[in-house]
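Have a look at the structure below, then the notes.
Quick note: the coordinates plus some simple rules give every number you see, no bench work behind them. All figures in this text were calculated on a predicted structure; none of them were measured in a lab. Every residue, glycine as well, gets a Cβ built from its backbone with ideal geometry; the counts of neighbours run over all protein chains shown.
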Amino acid sequence: MITEKLSEEIWRTCVDSIPIFGIDMIIFSQKYGVLMGRRINNPAKGKLFVPGGRVYKNERIIDAFNRILISETGLIFSFNKTTSLGLYEHFYNVTSWSTSECSTHYIIEARLIEIEPENIKQKINLNEQHSNFEWISLEDIQSNTIHSYSKMYLNKIKDLKAK
């Protein structure tokens, strides 16, 4: 199947008109916490957020997972070794190109990727979405620098690990 990124004009029409399906990568280390990056674009500009991205039309979820993980982090991980944390809705009063009179609605599948950071051979790379990455401890959940949607993921992991 052919999958391709939409033109900017069509993408804007989609964001203005429909919910966008995406995948968030919850990269978790028992030792260090969750890997997050500081967003440089709207929505969530300036906040720490997990890597993620949208699924393209005609793109299988596993292919989108691989594309997003590589483009957002440079990492490769088997989709079959991840766990779904469920579906989430994200609502923003801005888009990536404007700050008013628009909104963005995402439906997100959160994928938990449990890793040992010392086993990562590749260097985590940055893309146009984040200025830097850092490991966020599950105890840092009250930090104002973490976006509320990413805090939901931290809470979910805390609940899972408490069982």
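Brief remarks follow.
- Where labels lie 7 Å past Cα in the beta-carbon direction, separation of Lys57 and Lys156 in nm: 2.8 nm
- Cβ charges +1 (Lys, Arg) and -1 (Asp, Glu), total dipole of the chain, debye: 340 debye
- For the chain, the C-alpha radius of gyration sits at 1.01 times the compact-globule guess of 2.2 N^0.38 Å, with N the residue count.
- Crossing angle, helix 148-162 versus the chain [Cα axis fit, 0-90 degrees, rounded to tens]: 30 degrees
- Ranked by the mean number of other Cβ atoms within 10 Å of their residues, highest first, the peptides 57-68, 103-114 fall in the order 103-114, 57-68.
- The antiparallel fraction among DSSP beta bridges confined to the chain stands at about 70%.
- Evaluated over the chain, the count of Lys pairs having alpha-carbon atoms less than 15 Å apart is 4 (only pairs 8 or more residues apart or interchain).
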